[in-house]
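The values are calculated or read from the model by the stated rules, or taken from the named source; none is laboratory data. For clarity, every value in this text was computed on a predicted model and none was experimentally measured. Cβ sites come from the backbone with ideal geometry, for glycine too, and all protein chains shown count toward neighbours. Heavy atoms of the whole protein, side chains included, go into the accessibility calculation; ligands, DNA and RNA do not. Shrake-Rupley method; radii C 1.70, N 1.55, O 1.52, S 1.80 Å.
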Amino acid sequence: RGHRQLCSAAFAAAAPSSLTTRTSPPHTMLAVTALLALEGYTAAGVRPTRSAYMARPAHSSVSNIEAKIRVAVVGGGPSGACAAEVLAQEPNIETVLFERKMDNAKPCGGAIPLCMVDEFNLPPEIIDRKVRKMKMISPSNREVDIGQTLKPDEYIGMCRREIMDGYLRDRAVEFGAQAINGLVTKVDVPSDMSPNGGKYTIHYTNYAGEGAKGTEASMEVDLIVGADGANSRVAKAIDAGEYNYAIAFQERIKISDEKMAFYEDLAEMYVGDDVSPDFYGWVFPKYDHVGVGTGTVVNRPAIKEYQDAIRSRAGEKIAGGKIIKVEAHPIPEHPRPRRVVGRVALVGDAAGYVTKCSGEGIYFAAKSGRMVGEALVRLMKGGSKIPSEKEIIAEYIKPYDKAYGPTYVVLDILQKVFYSSNPAREAFVEMCESEYVQKVTFDSYLYKKVQGNNPVEDIKLLCTTIGSLLRGNALVEPDKTFSNPVESKKRL
């Protein structure tokens, strides 16, 4: 959301950390072995498949239903659009999709895994670049090129969110969703949220037609899918609980054609406490420009200093470029305590579905939206019944957590290990020279499943990790200290 980055494919370990303590080498060994041990379990989850609801014949109408069940999907990003697409194909469910800005360009790295292209039937024209190479730059400016293990037809897709989100929304509308260009300002929750309880009332400002101010309106609905991002009003209305968050900052920079040729199919990732104390800086290629940015959890007030540093690290490669857009956005650090309350379900950033190591969230947003849509359709049985909170949790939350929970756990461990200090970052980059590391992590990222492990290579990796950490401690300076005890406690 902020960034849905391809850095998972760089050992799936380059992410923001909310911890300020430094991690010792024994924890590093534990984290590496934890990743390799849990990969097989992660792979046993839900495999990516095209939705059964895409191009599926519609059910016949239910004759004894006086009025259709109305579902409001609040937010028109990947999670909301994918939920609305599934729901809209049920003739006895009225699907209303709210989106404040139909041309919204969300601050985001824009990387999507290869499996998403097929699974969500995405057309090639929405993919700006096919990244097949990645350059990682350590705190000491050591450069490691990765991507040698990719097959000729494998790549990481780079998209502009305004293009991809618009396509997914339009497809939902084609299937029958009613799109409202409006900002949801308040949600009134009924005292009885059981299936037989009262309706939810959505208050919104309608921006359809002329007039910048819009007009106030309201709508009663039976169920709500909250897909309205990190600052979710739906989450606040149902008291879903708070989460810690990172700030992602990005500048879109137009550079010369000659400089742009360097980034034809290449992305760069910079690590070091100069660009972020707990995240990374990046240069990602877009259609006719590059996205240059960084992020942090633990020192959000200094985000512009870190942005200056990433521009400086990129140096001559982006020199003379023109900044055409400046973007900033919060990224959730972990799932909210409650993701289903009554007849309301949260998805995407609103639910907190962003991986710690890379900040990747596009795929998980789209997947959670589709999963909740499919769950609600099954539970509503052709529009004949309204599901309960318990049923929605059983059909949506439990399968999602079973499929992707281990991934979040492992990446949480790794981000605490390899983004805890400059020596750890230096070791991280060195380890990425290993073709075994590259293959395992690229397979995991591109296909959201692991092909299998090699015990001999795992032992070699463990030994390499120890050596890399020892060399890292000798090569680089310790992280600079900082303190922001008040701001660091803020939550969304």
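Details
- Distance violations [Cα-Cα > 32 Å] among K304/K416; K199/K367; K68/K398: none
- Region 348-426, relative contact order [Cα under 8 Å, separation at least 6], %: 29
- Residues in region 78-100 reached by a label modelled at A208 [backbone nitrogen below 17 Å; 7 Å Cα→Cβ]: 94-100
- Computed with a 1.4 Å probe over protein heavy atoms only, the accessible surface of region 112-265 comes to 44 Å² per residue.
- Amide H contacts under 5 Å for E360, placed H, 5+ residues apart: Q5, T355
- Couplings for region 401-410, taken from phi via the Karplus curve 6.51 cos²θ - 1.76 cosθ + 1.60 with θ = phi - 60°, read 5, 5, 6, 10, x, x, 4, 4, 5, 5 Hz in order; Gly and Pro are left as x.
- Checking every one of the chymotrypsin sites (Phe, Trp or Tyr not before Pro) in region 173-239 against DSSP loop status and a limit of 10 other Cβ atoms within 10 Å picks out no site at all.
- Peptide ranges 93-102, 333-342, 311-320, 364-373 listed from the most packed, as the mean C-beta count within 10 angstrom indicates: 364-373, 93-102, 333-342, 311-320
- Taking a straight Cα-Cα cut-off under 18 Å and skipping sequence neighbours fewer than 8 places away in the same chain, the lysines within cross-link reach of K151 are K130, K133, K135, K439, K448, K449.
- Contact order relative to length of region 157-269, as percent, for alpha carbon pairs under 8 angstrom and 6 or more apart: 17
- Average Cα contact separation per residue, region 75-207, under 8 Å, 6 or more apart, as relative contact order %: 33
- Backbone geometry of region 191-204 corresponds, through the Karplus equation with coefficients 6.51, -1.76 and 1.60 at θ = phi - 60°, to 3J(HN,Hα) couplings of 5, 10, 9, 6, x, 9, x, x, 8, 7, 10, 9, 9, 8 Hz, x marking Gly and Pro.
- Note on K490/E216: beta-carbon distance plugged into 1/(1 + (r/R0)^6) with R0 of 25 Å gives a FRET efficiency of 0.25.
- Here's the list of lysines a cross-link from K213 could span, going by alpha-carbon distance under 26 Å and ignoring same-chain residues fewer than 8 apart: K101, K106, K186, K236, K325.
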